[in-house]
Amino acid sequence: MKTDELNYYLPAELIAQQPVGVRSDSKLLVFNRSSSELTDSTFSRIGDFLLRGDCLVLNDTKVLPARFFGERGSGGKLEALFLAERSPGVWEVMLKGSRKVRRGEIICLKDKTKNDFCEAEILNKTEQGGCRLKIKTDANVETILEKIGFPPLPPYIKRGRDQSQAAIDKLRYQTVYARHTGAVAAPTAGLHFTDELIKQLKQTGIGFAYITLHIGEGTFKPITTDNLEEYKIHQEQFSIDEKNAQIVNATKCRKASLAGEKGGRIIAVGTTSARTLETIASGSQVKAAAGTTELFIKPGYKFKMVDAMVTNFHLPKSTLLALVAAFAGLENILAVYQYAIEKQYRFYSYGDAMLII
């Protein structure tokens, strides 16, 4: 399949730069795959389209404040994104302007108030703007990033170093159910849920299960090959425990026992939940597991576990759009996206949501 087939035009003004005032006030576009019917709603009304016995599967990863700033000895400014700690005190980062720095160079990391925090040594440079830093302090990663880090918003959301804006983003670029720290990007389909909405859905008989997939920087990268089959997708860590695997399996069993009646659907909240569920699927069941996934879901893929999906609107030529197109059909999704553009839905991380049933 040609990557260009995943392309579409989006007016820049529809790229959401701020979240809505209340999470669940986002718009919700519901697409029924069987009838091709489109319904305009709001996320707070998502329960209108769910059935008793359905199960929402949410990604409870927690986003690190992974974006930080530094300064060279010459006074040159640096911006970086923390990716991982490869060994104690050794960080792998993406560094803007990495071509200018050299191996062995000492840089100064700045705290949120632009004061000096600690030094770091450039150990080496890796591919595509990557570097390894030796951090000159004994504090752990989370402690350091709390001092120096800003929310790692994607590049299409324009941000400086304003602390009041960063405080808003720290709250809103995080799901209300985030538990396990390790992501450098948010599972954005989950940003629309409030504690109140989750409570309300549970009271109506909707089940909840949680997986963890730590989203990496690769989620923002466009597909760079002419053909999807030639592209090597990014690798991400995931886990699901026994309790949540049992919830998913019990839902699947209930659906099978209903002999074609409605209810008992596995509804992935976000492409990350879908990717994890499909990674661990064995027939119509899942098992508790932990590991890494490189599963690239693209048109032609046959889903094993996911019956419906909550998702935001994704970038052209992205692996996320490829996954959604695999689930709902490429021609359908491009038509739905065109409808959303005409109806002025807000796109991408801070944008509105879709429910595909």
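The values are calculated or read from the model by the stated rules, or taken from the named source; none is laboratory data. Note that the coordinates shown come from a computational prediction; the quantities given were computed from them, not determined experimentally. Note: ideal-geometry Cβ built from the backbone for every residue, glycine included; neighbour counts use all protein chains shown. Ligands, DNA and RNA are stripped out before the accessible areas are found, and what is left, the full protein with its side chains, is counted by its heavy atoms. Shrake-Rupley method; radii C 1.70, N 1.55, O 1.52, S 1.80 Å.
Assorted remarks:
- Of the residues making up region 224-275, those that are in a loop (DSSP other than H, G, I, E, B) and at pLDDT below 95 are Thr224, Lys232, Ile233, His234, Gln235, Leu258, Ala259, Gly260, Glu261, Lys262, Gly263, Gly264.
- Hits in region 34-45 - residues which are surrounded by 14 or more Cβ atoms within 10 Å (Cβ to Cβ) and either in contact (Cβ under 8 Å) with a residue 60 or more places away in the chain or within 25 Å of Arg159 (Cβ to Cβ) (or both): Leu38, Phe43, Ser44
- Positions within region 138-184 being without any contact (Cβ under 8 Å) to a residue 40 or more places away in the chain, more than 14 Å from Gln17 (Cα to Cα) and of a type outside the set (Asp, Glu), in sequence order: Ala139, Asn140, Thr143, Ile144, Lys147, Ser164, Ala167, Leu171
- Selection count where residues are under 24 Å from Arg172 (Cα atoms) and either open to solvent by 40 Å² or more (accessible area, probe 1.4 Å) or not hydroxyl-bearing (Ser, Thr, Tyr) (or both), scope region 211-231: 9
- Enumeration of residues in region 100-130 that are part of a strand (DSSP E or B) and either aromatic (Phe, Trp, Tyr) or under 15 Å from Glu71 (Cα atoms) (or both): Ile106, Ile107, Cys108, Leu109, Lys110, Asp116, Phe117, Cys118, Glu119, Ala120, Glu121, Ile122
- For region 308-324, filtering for residues that are farther than 18 Å from Leu58 by Cβ and either touching a Leu at 6+ places or on another chain (Cβ under 7 Å) or surrounded by fewer than 23 Cβ atoms within 10 Å (Cβ to Cβ) (or both) leaves 7.
- Set Phe296, Phe303, Phe327, Phe347: member being open to solvent by less than 10 Å² (accessible area, probe 1.4 Å) and aromatic (Phe, Trp, Tyr): Phe347
- Residues being touching a residue at least 24 places away in the same chain (Cβ under 8 Å) and either of a type in the set (Lys, Arg) or within 15 Å of Phe31 (Cα to Cα) (or both) - total across region 293-315: 9
- So Asp48, is it free of Cβ contacts under 8 Å to residues at least 24 places away in the same chain and part of a helix (DSSP H, G or I): yes
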